[in-house]
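Beneath this line is the structure, given in structure tokens, with notes to follow.
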Amino acid sequence: MTVQFYRSIAIAALTGVIAACSSSPDVAVSAPNSESDLGSNPSDTIPNDTVTTADDESMLVAANPATCLTWSDFQGYEAEVSGDPVVTYLQMPPGFEQGCIFKTGMALSNPLYILRNDLAYEAVSATGQPLTPLPGDVLPWLDSAEVDYATLDSLVAQGDLLVYYYACTTNAMQAANCEGYAENRPYGLPTGEACFQGHCLEGGAISIDQRLALWSGYPGAEVSMGLTAEQEAARRQYDEIPLATLFPELPVIHPNAEVLAFETFGRTQLEEGEQPTEIELIATYDTYQVLLLTNFGAADDSIGGLRYRLEFEFFDNDQTNLIWVGEQRYCRRSAPPAWTNQLCP
């Protein structure tokens, strides 16, 4: 397949939609619920004696999200053009799989935006009018003068717009983050993006841990993320603590897992009823290890202690990377007293 192939697909898809759409002047902005919404009634098709102008075609393309390209289209296009499979490893979260994609301006370093499924290009229009992608390229480029950038920022913050960019192609808006990070796993940037080999995804309403999990297609992902039945069952016994709430910068790389665990949750001073922190290695796998840190004893009638499950991935032989943390409580009033992720009575 070539770029011309994608151009042919886009032209063919546009031709089919134009042939199926109504000649009514009313234009719907939200995405249709099904293919039947695209003028399946024969009486809704454009009559043979009706001439569709270029302006009519532009309105149809801009107003109907069913005609726009999606993330999966971009994955195929990018992998074919660049030969780099990394972009194919990133999956869209629920609600964005069929969302319209677009860029603003014509600079290659500009990010790619992914709208929520039910939004059309009009959602980012500076005038409130439908937007028409600029001609001359397979990817949809919107005229930067017609885009409301304050609205873009608001949509990202509220979870209606995701931003993808390649950090190694930079401009004044994007910092280069191409060195100093692991090559074989996803990582988070201090600015909040979730990246893999320089390819980054930003989305203010989706936690960085959730976005890191979207990089699920890369080779070795199941091993790296510890997604075995045993691990999943063990994790379900704990309340997960998002790493971004514990550390100002991700990833969390440290030469000594036990030292990092103690620095994070260990007791440096003992209060009444408290016992010294205990750290135990409870599991070792080919690529990672699991520590259990226990703080037993507390001046509380209900909770008798806290313990933490910390999972570390081996990194560069002499380093470890903290990839997951969970918490349990020791409930004194339970019958019998026990460690649990439930609220203590």
Take 218, 89 and sort them by solvent-accessible surface of the protein heavy atoms, 1.4 Å probe, largest at the top. 89, 218
Within segment 257-280, what residues put their amide N at less than 19 Å from the label point 7 Å along the Cα-to-Cβ vector of residue 301? 272-274
Distance (nanometres) between label positions extended 7 Å along Cα→Cβ at residue 314 and residue 343: 4.3 nm
Report the calculated FRET efficiency for residue 271 and residue 118 (r = Cβ-Cβ distance, R0 = 51 Å), to the nearest 0.05. 0.45
Between residue 205 and residue 157, what length comes free when the chain is fully extended (0.36 nm per residue of separation minus the Cα-Cα distance, one decimal in nm)? 16.7 nm
All other residues with a Cβ under 14 Å from the Cβ of residue 199 taken together, and with Lys, Arg as +1 and Asp, Glu as -1, what is their net charge? -3
Distance in nm between label sites at residue 72 and residue 145, each 7 Å beyond Cα in the beta-carbon direction? 3.7 nm
In square angstrom, rounded to the nearest 10, how much accessible surface does residue 301 have for a 1.4 Å probe? 120 Å²
Proximal charge balance of residue 98 [Cβ under 11 Å; K/R count +1, D/E count -1]: -2
Largest first, what is the accessible-area ranking of 288, 330 with a 1.4 Å probe? 330, 288
Net charge contributed by nearby residues that have their C-beta within less than 11 Å of residue 256 (K/R +1, D/E -1): -3
Return the distance in nm (one decimal) between the two label points of a simple spin-label model at residue 79 and residue 284, each offset 7 Å from Cα along Cα→Cβ. 3.8 nm
Using a 1.4 Å probe and ignoring any ligands, DNA or RNA, find the accessible area of residue 254 and quote it in Å² to the nearest 10. 40 Å²
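The values are calculated or read from the model by the stated rules, or taken from the named source; none is laboratory data. Everything numeric in this text was worked out from a predicted model, so none of it was measured. Reconstructed Cβ throughout: ideal geometry from the backbone, glycine too, with neighbour counts over all protein chains shown. SASA here: full protein model, heavy atoms, side chains in, ligands and nucleic acids out. Shrake-Rupley method; radii C 1.70, N 1.55, O 1.52, S 1.80 Å.
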